[in-house]
Amino acid sequence: MGAKKKTAQTTPDPYEIGPLGLFQLVDETGAEVAPVPELPDGLAVRLLEAMLFQRALDQRMLNLQRQGRIGFYGTAKGQEGAVLGSGAAFEEQDWLFPALREGAIALWRGMQLEHYIAQCFGNGADVTLGRQMPCHYSDGPTRYVSLSSPIGTQISHAAGAARAVQVKGETHRIVGGWMGDGATSSNDFHAGMNFAGVWKSPIVFVCQNNQWAISVPAAAQTASETFAIKAEAYGMPGLRVDGNDVLACYHATKLAADRARRGEGPTFIEMLTFRLGGHSSSDDPTKYRDESIAKTWEKRDPLERHRTWLVNRGDWSEERQDDYLADAGKTITEAIHRVEEAGPVPVETLFTDVWAEKPVLLDDQADRLANEEMV
Ligand SMILES: Cc1ncc(C[n+]2csc(CCOP(=O)(O)OP(=O)(O)O)c2C)c(N)n1
Ligand SMILES: [Mg+2]
């Protein structure tokens with residue numbers, strides 16, 4: 001018989017655990033290792049539904065890529081707890097600057113599913129007019145700002161936005177900035193972290209440490225003991241959280257968000273997780289990593305863990321999950337069909353949203369294009 005696991009009597013403080021420990025509330029068997037703080041009504045169930053939805057949507061989008069219907073896709077398989085646990089802790093008025101794998105946060109905040117799918121098709125249904133690679137969602141109404149493909153650049157964008165919020169005196173608003181473990185080696189990581197620390201800006205940085213930057217393992221990325229410890233050099237607290245424990249991710253991010261909103265400055269949170277799939281649809285991880293490690297991490301699946309926790313409390317059941325997944329599948333299928341019916345982006349939109357007032361030269365080019373002289 002194995003030794004009985006110790007359950008803490010009170011919820012530990014992730015700020016006290018610090019950058020070298022690991023904050024956890026629910027372990028991989030779905031058992032509480034510390035009391036889960038009170039959650040807003042219905043949040044725990046909504047988080048499970050959103051994680052199930054994200055996994056189903058990711059698989060469907062990847063299938064579309066394999067069928068040649070979209071050009072590229074990056075899933076968040078295995079990271080749904082870190083994505084949704086962190087994203088759910090922000091409020092409607094906050095500005096979010098994601099990296100590659102946080103699209104489900106935009107949906108959580110109310111981005112239309114058809115807009116999400118259309119961005120990947122880049123066709124006439126895409127509100128961003130097909131100007132970005134797939135997975136570069138941006139959604140004005142939910143204040144979800146597109147990443148730029150060069151790794152880490154969104155970190156300085158996020159730090160700049162947090163500074164703007166301060167300068168404008170918008171005390172109700174904070175900023176969220178996401179990155180991967182690999183992005184911590186970028187120049188923008190240093191610039192963004194440094195100025196957020198100097199200005200004590202209202203920002204929460206979330207680093208999804210999925211242990212790989214395409215084929216580069218975390219051990220080859222840094223000589224630091226953890227990613228969270230890097231925060232200390234910039235004068236801000238660094239937390240380290242079990243990224244496959246959605247409730248721990250939510251709680252830690254909420255504490256950091258509340259702290260930022262009180263004007264007490266930035267926090268950096270490393271969420272330890274694992275990328276179960278390839279880096280993207282263009283990648284084959286069997287070429288560079290021992291997939292038996294992936295099997296170990298499959299047993300730590302954030303969906304399974306949270307589902308078991310909810311079932312043990314009587315708040316979820318197999319039947320409810322089957323019904324939810326059937327509905328989600330239907331919703332996704334219908335949305336894909338509606339998006340795919342749209343034609344290509346009209347070519348004249350090349351000239352829209354570029355200049356407030358179109359220069360004469362472009363007017364001339366637009367006329368020539370309309371008359372097909374340029375084709
Ligand atoms: C400046 C720059 N260099 C290289 C790339 C190619 N690239 C795309 S994603 C990626 C790895 C990112 O790893 P990480 O930050 O850990 O995020 P993850 O993909 O694991 O979520 C690289 C090297 C890029 N987009 N930009
Ligand atoms: Mg990574």
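Might you let me know whether region 238-251 holds any residue that is more than 17 Å from A76 (Cα to Cα), free of Cβ contacts under 8 Å to residues at least 60 places away in the same chain and assigned to a helix (DSSP H, G or I)?
No: region 238-251 contains no residue that is more than 17 Å from A76 (Cα to Cα), free of Cβ contacts under 8 Å to residues at least 60 places away in the same chain and assigned to a helix (DSSP H, G or I).
Give the residue, chosen from A164, A213, A219, that is small (G, A, S), more than 14 Å from Y234 (Cβ to Cβ) and away from ligand 2 (no atom under 16 Å from the Cβ).
Result: A164 is the single residue among A164, A213, A219 that is small (G, A, S), more than 14 Å from Y234 (Cβ to Cβ) and away from ligand 2 (no atom under 16 Å from the Cβ).
Looking only at region 72-90, decide whether some residue is in a loop (DSSP other than H, G, I, E, B), touching a His at 6+ places or on another chain (Cβ under 9 Å), modelled with pLDDT of 95 or more and farther than 28 Å from I203 by Cα.
no
Is there a residue in region 30-41 that is surrounded by fewer than 18 Cβ atoms within 10 Å (Cβ to Cβ) and within 22 Å of I214 (Cβ to Cβ)?
No; the residues of region 30-41 include none that is surrounded by fewer than 18 Cβ atoms within 10 Å (Cβ to Cβ) and within 22 Å of I214 (Cβ to Cβ).
Only residues that are within 16 Å of ligand 1 (Cβ to nearest atom) and of a type in the set (D, E, K, R): list them for region 212-239, please.
K230
Which one of these does T253 not meet: (1) over 20 Å from S148 (Cβ atoms); (2) within 16 Å of ligand 1 (Cβ to nearest atom); (3) within 16 Å of the chain's Cα centre (by Cα)?
(2)
Looking at region 293-301, can you tell me whether even one residue there is under 30 Å from S201 (Cα atoms) and buried (at least 20 other Cβ atoms within 10 Å of the Cβ)?
No: zero hits.
The values are calculated or read from the model by the stated rules, or taken from the named source; none is laboratory data. What you see is a predicted model, and the numbers here were worked out from it, not measured in a lab. FYI the Cβ positions are ideal-geometry reconstructions off the backbone, even for glycines, and counts take in every protein chain you see.
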